[in-house]
Amino acid sequence: MAELLQFVIAGLKSGSIYALVALGFTIVYAATGAINFAQGEFYMLGGMLGVWFVSLGLPVPVAALCAVVSAAAAGALFELAAVRPIAGGDPLRIIIVTIGGSVVLRQLALHLFGPDELTLASFTPGPSIRLFGAAIERQTLWIWALTLVAVVGLVILYRRTAFGKAMRATSLRRDAARLVGIDARAMVTASFALAAGLGALAGLAVTPLTQTAFDVGAGIGVKGFSAAILGGLGNPIAAVGGGLVLGLLESLAAGYLDPIYKDAISLIVLLAVLFLRPQGLLGGSGKEKV
Amino acid sequence: MATALAVTLGGCSPKAQTVEQPAVKAEPIKIGAIVSLTGTYAGLGDPEKKTIEMEVARINEAGGINGRPVEVIFEDDATDEAKAVTAATRLIDQDGVIALIGATGSGQTMAVRGEVDRAKIPQVSLAGATAITKIFDPLVFATPWSNTIVAPFTLEALKKAGLTKVGLITDSGGFGKDGREVVKAEAAKQGIDIVSDQTFNPGDTDMTAQLTKIKNSGAQVLLMWTAGAEAATIVKSADQLGLDMPVYGSHGNARKELIDGAGPAAEGFRFAAGKILVPAAYGVDTDAYKVATDFVTRYKAAYGDAPSTFAGHAYDALYLITEAASRVQGDLTPAALRDEIEKTNGFVGIGGTFTMSPTDHNGLSVNDLTMYEVKDGTWQTVK
């Protein structure tokens, strides 16, 4: 029983991280109809920039904020420099540009931060919390809390603010949104910034547990993408669900089958969903994207 | 970077960075070096390249080898087997090297064997898998301590400490897989029980499942065999999950990044490795101590940080080749060079004292190892 509980805790921990990365995929997809394959690199940037700001002497909360904001700015810049110039916003061309962008970001990080793995101290150091024979790391609580804050914040942004409503309107019908005076191009930039910020938050929150390095982006990109597909691309709440389900599946497979198959789970899930239920587990008719 | 780009962009530039010292006017002795400057093992390949650059400059300033300067041509394999093979082909066919240093990783080292056999040039590997010298090839040598030396040494230490029920965790990559087989075979010989045998994939960020199973297996000690960044996650998680048992690792864990990454959880972590981390372990009046402290001092002066054990492997590989080259009478051919490397007898390097033979192409022994413990955020030798 304690063992099962421990596996579930680990699954929800990884799942929350996948959820944040998956959210980034859905947000960009909603705005452009394209998959942003550079999403994993912003996860990497979050951790790297966090370590860098801490090394400048900033306290952890300030460094964390700076890291997320700078990563979001990098996301916006990336969109302005590489995605916007694509005439007509053809999704296929955007996808290819993001793949190229991911290589550039990775090599840039290698040269700025070096090849070695880097570490961030736990946000609140101390022993883990025991619960019915299972242990919860304090950093795991932080990951859950930050994920919750991010998701609630995103819902409020989309449902309650004029800016969020403009983003939704653009994703629903770009031309109609432009007719009522919404700057559709700015909304695409905002979606890249938001996605990068969420990815960076995930990378930052997980660094005290796993360390970070210039090359961690590709692996998490696959996981986040699988989670987004599992939930149904374009639906943020479903992306969160997809992330948590994927994390749980992996953890239980590692616990009760063989840990070697853990990475295969996300690919199996990806293929299974694409074959059997292309709209995703929680995906509806696909009309409303965000 | 130039190499990385050249490789990723289709390899249009045949020449990688070269280290040249034009002080001596004679045809240079060309040696190829395949190291991982990008990819998983970038943290290992970087100090290896720095070491070779520094030492080549030193050799050439002192007049080269028998009046000929040494030129080392670097290629980055991006921790990728296919790229390692391409690099080897290029070094052999375009640059005409007479010996190969590398690769950084075990998989890449094994991958280039076909090219080495085709060109019949000696190869000195920087990677630690037993298979490199166990699957014997007369042309292939290796400088790191092999698992067949380190595993028995470590298990003996466990037995001495009364820890006979072992929870084993290894990675599924080359080094961990090799270590797992050697540890299991050796444990059976020494009467040590592997009560839980867990594996993980390189790049895994969560080891909860494996460590929970070891926790519930009745193990008295956690033994970890991996060379990657995951080691810090394992040491940290074991502490957080409440595994109340000592944690032992291997020579793959002799990196500062583990202490930084695991923080307070690293306190008490033990692993066997060569003596370079605390050169006093050689004994302060020995030649080995002088060679090591001299190297450490020069490396620190050149690059700021203390060298890792991987830097030491590169040092040993370069000097095994150049020392052998200096002993060759007459024409310096790859075949003559190979024969001389095999005759290496009592060469005092950084990893230990090397004595090669026609059946032993590693040349190190248990005497070159010592047990370390992490204490107050640094390594100390265990008495």
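Residue-wise test of (1) assigned by TED's automatic domain parsing to the domain that holds B:PRO246; (2) touching a Ser or Thr at 6+ places or on another chain (Cβ under 6 Å); (3) assigned to a loop (DSSP other than H, G, I, E, B).
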residue: B:ALA302; (1), (2), (3): no, no, no
residue: B:PRO307; (1), (2), (3): no, no, yes
residue: B:THR322; (1), (2), (3): no, no, no
residue: B:LEU332; (1), (2), (3): no, no, yes
residue: B:ILE341; (1), (2), (3): no, no, no
residue: B:ASP360; (1), (2), (3): no, no, yes
residue: B:VAL374; (1), (2), (3): yes, no, no
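Taking the conditions exactly as written (touching a strand residue (DSSP E or B) at 6+ places or on another chain (Cβ under 6 Å) and surrounded by fewer than 16 Cβ atoms within 10 Å (Cβ to Cβ)), does A:ALA2 satisfy them or not? First the steps, then the outcome.
On the way: touching a strand residue (DSSP E or B) at 6+ places or on another chain (Cβ under 6 Å): yes; surrounded by fewer than 16 Cβ atoms within 10 Å (Cβ to Cβ): yes.
It is true that A:ALA2 is touching a strand residue (DSSP E or B) at 6+ places or on another chain (Cβ under 6 Å) and surrounded by fewer than 16 Cβ atoms within 10 Å (Cβ to Cβ).
With respect to the conditions (1) over 30 Å from A:SER55 (Cβ atoms); (2) modelled with pLDDT of 90 or more; (3) within 14 Å of chain B (Cβ to nearest Cβ), A:ILE156 lacks only one, and its number is (3). The C-beta contact set for region A:243-266 (first residue facing chain B (nearest Cβ under 8 Å), second residue surrounded by fewer than 18 Cβ atoms within 10 Å (Cβ to Cβ) and among the polar types (S, T, N, Q), distance under 6 angstrom, 6+ apart or interchain) comprises A:ILE260/B:SER172.
Hey, among the residues in region A:210-242 that are facing another protein chain (nearest Cβ under 10 Å), part of a helix (DSSP H, G or I) and hydrophobic (A, V, I, L, M, F, W, C), which one's surrounded by the most Cβ atoms within 10 Å (Cβ to Cβ)?
Looking at the filtered set, the residue picked out is A:ILE220.
On the stretch given as region B:151-173, residues that are more than 14 Å from chain A (Cβ to nearest Cβ), free of Cβ contacts under 8 Å to residues at least 60 places away in the same chain, closer than 22 Å to B:ALA131 by Cα and polar (S, T, N, Q) total 0. The residue that is nearest to B:PRO307 (Cα to Cα), among those in region B:55-83 that are touching a residue at least 12 places away in the same chain (Cβ under 8 Å) and among the small types (Gly, Ala, Ser), is B:ALA57.
Can you find a residue that is β-branched (Val, Ile, Thr) and more than 20 Å from B:ILE192 (Cβ to Cβ) anywhere in region B:238-258?
No; the residues of region B:238-258 include none that is β-branched (Val, Ile, Thr) and more than 20 Å from B:ILE192 (Cβ to Cβ).
Taken over region A:1-45, residues that are closer than 30 Å to A:ARG173 by Cβ, away from chain B (no Cβ under 13 Å) and outside any loop (DSSP other than H, G, I, E, B) amount to 15. Could you check region B:153-173 and list, in sequence order, the residues that are within 18 Å of the chain's Cα centre (by Cα), of a type outside the set (Ser, Thr, Tyr) and within 26 Å of B:GLN108 (Cα to Cα)? Result: B:ASP171, B:GLY173. Counting only helices (runs of 4 or more DSSP H) that fall entirely inside region B:174-276 and contain at least 1 residues that are at the interface with another protein chain (Cβ under 10 Å from one of its Cβ atoms) and either modelled with pLDDT of 90 or more or surrounded by fewer than 19 Cβ atoms within 10 Å (Cβ to Cβ) (or both), the qualifying elements are B:208-215, B:230-240, B:256-262. Of the helices (runs of 4 or more DSSP H) lying entirely inside region A:116-193, those containing at least 1 residues that are without any contact (Cβ under 8 Å) to a residue 40 or more places away in the chain and surrounded by 18 or more Cβ atoms within 10 Å (Cβ to Cβ) span A:162-172, A:174-179.
With the requirement that a residue be modelled with pLDDT of 90 or more and under 22 Å from B:THR143 (Cβ atoms), what does region B:10-36 give you? Matches in region B:10-36: B:ILE29, B:LYS30, B:ILE31, B:GLY32, B:ALA33, B:ILE34, B:VAL35, B:SER36.
Taking the criterion of being free of Cβ contacts under 8 Å to residues at least 24 places away in the same chain and either more than 14 Å from chain A (Cβ to nearest Cβ) or of a type in the set (Gly, Ala, Ser) (or both), would at least one residue in region B:111-128 satisfy it? Taking every residue of region B:111-128 in turn, at least one turns out to be free of Cβ contacts under 8 Å to residues at least 24 places away in the same chain and either more than 14 Å from chain A (Cβ to nearest Cβ) or of a type in the set (Gly, Ala, Ser) (or both).
The single condition among (1) under 15 Å from the mean Cα position of the chain (by Cα); (2) modelled with pLDDT of 85 or more that A:ASN235 does not satisfy is (2).
Selection over region B:62-106 of residues that are buried (at least 22 other Cβ atoms within 10 Å of the Cβ) and assigned to a helix (DSSP H, G or I) gives a count of 6.
The values are calculated or read from the model by the stated rules, or taken from the named source; none is laboratory data. For clarity, every value in this text was computed on a predicted model and none was experimentally measured. Here Cβ is always computed from backbone atoms with ideal geometry, including for glycine, and neighbour counts include all displayed protein chains.
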